[in-house]
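Only one structure is covered here, and it is reproduced in the block below.
Only the coordinates and a few stated rules stand behind these numbers; no lab work does. Every value quoted in this text rests on a predicted model; they were computed, and no experiment measured them. Every residue, glycine as well, gets a Cβ built from its backbone with ideal geometry; the counts of neighbours run over all protein chains shown.
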Amino acid sequence: MTRAEWGALIADDEPAARRGVRQLLAAFPEFRVVGECRNGAEVLAALDVLRPDVVFLDVQMPDVDGFEVIRRRTPERMPTVVFLTAYDQFAIRAFEVQALDYLVKPVSEARFAATMNRLTRQLRAAAPSAREHRIVVTTSRGATVLALGEIDWIEAADNYARLWIGGRSYLLRESLHRLERRARAHGFVRAHRRALVRLGSVRELRWTDAHAPVAVLVSGTTIRISRRRRAAFASALRSQSRDGR
């Protein structure tokens, strides 16, 4: 029997549609359904808890639709997205937010299989580097695996490091100094003595009324930049911006 390698989250406000995706996924034992959501708010909550590798996302859901989920989460922090919807007019917009595919219901088994083959190739290609760049933390629910590329910033907490992803934090029994050696290669820079910031999570550098620089993250968090670190931090941020163009 093939062991499930990847988790799938199904998001659709119609129970019948969710059942349909489950039935289609049954032909692909490499994937297991880790959860179902009825609206965008549930998706946003589930992403941090369930950490799926792929989300099958409906466009039109109550309150928070599929595109708003991606806007709030940001494409960089989303798992692979496959839109599965009854509406064909949003396809261009779907690929603008980096969706892997856009399936219009009712989807045939052959069309779904083509998407799953592309998805499997993508996940397998990313797997070696993903394993190398992950950190295992212990929570009340058990062990949780975090990707370094999803962590916004890290702060010292006595003998621990506190890892922040959006508004959620995780404790790791490792000193900030030791963790910095691993994190530096993945875009983390010292902001001050007790904080590392991933440059990819920085939205802007801003100066306070006291003429002190702070990094404003995509999540809205602000991190002060110490006088000693400000030149190196600003230089690293400029370098990343040039490389990202």
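Numerical summary
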read-out: Degrees between helix 230-244 axis and first principal axis of the chain (Cα, 0 to 90, nearest 10); value: 30 degrees
read-out: Gaussian network model of the chain, springs between alpha carbon atoms under 10 Å - residue of 58, 158, 12 with greatest fluctuation; value: 158
read-out: Under the Karplus curve 6.51 cos²θ - 1.76 cosθ + 1.60, θ = phi - 60°, whole-Hz ³J(HN,Hα) for region 149-165, x wherever Gly or Pro sits; value: x, 9, 7, 7, 7, 9, 10, 6, 9, 6, 8, 10, 10, 9, 9, 10, 10
read-out: Hz values of 3J(HN,Hα) by residue in region 70-78 - Karplus curve (6.51, -1.76, 1.60), Gly and Pro given as x; value: 5, 4, 5, 7, 6, x, 5, 9, 8
read-out: Label-point separation in nm, residue 205 to residue 171, each point 7 Å along Cα→Cβ; value: 3.4 nm
read-out: Per-residue ³J(HN,Hα) for region 118-125, Karplus 6.51 cos²θ - 1.76 cosθ + 1.60, θ = phi - 60°, Hz, x for Gly and Pro; value: 5, 4, 4, 4, 5, 5, 5, 5
read-out: Anisotropy class of region 9-72 from Cα gyration tensor, a/c 1.5 cut; value: oblate
read-out: As computed over region 193-245, the Cα convex hull volume per residue (Å³); value: 81 Å³
read-out: Per-pair calculated FRET efficiency, R0 = 41 Å: residue 86 and residue 145 via Cβ, rounded to 0.05; value: 0.75
read-out: Sites residue 50 and residue 193, calculated FRET efficiency, Cβ-Cβ separation with R0 45 Å, nearest 0.05; value: 0.80
read-out: Positive-end extreme of charge dipole, the chain - chosen from 163, 239, 83 (charges on Cβ); value: 239
read-out: Degrees between helix 40-50 axis and first principal axis of the chain (Cα, 0 to 90, nearest 10); value: 70 degrees
read-out: Kirkwood Rh, angstrom, region 100-245 [1 / mean 1/r, Cα pairs]; value: 17.4 Å
read-out: Placed amide H near residue 219: partners under 5 Å, 5+ positions off or other chain; value: none
read-out: Extension gain from residue 178 to residue 240, taking 0.36 nm per residue of separation minus the Cα-Cα distance; value: 20.0 nm
read-out: Most mobile listed residue (55, 104, 197) in the chain, GNM with C-alpha springs under 10 Å; value: 104
read-out: Compactness of region 26-131 - radius of gyration and Dmax, Cα, Å; value: 13.4, 38
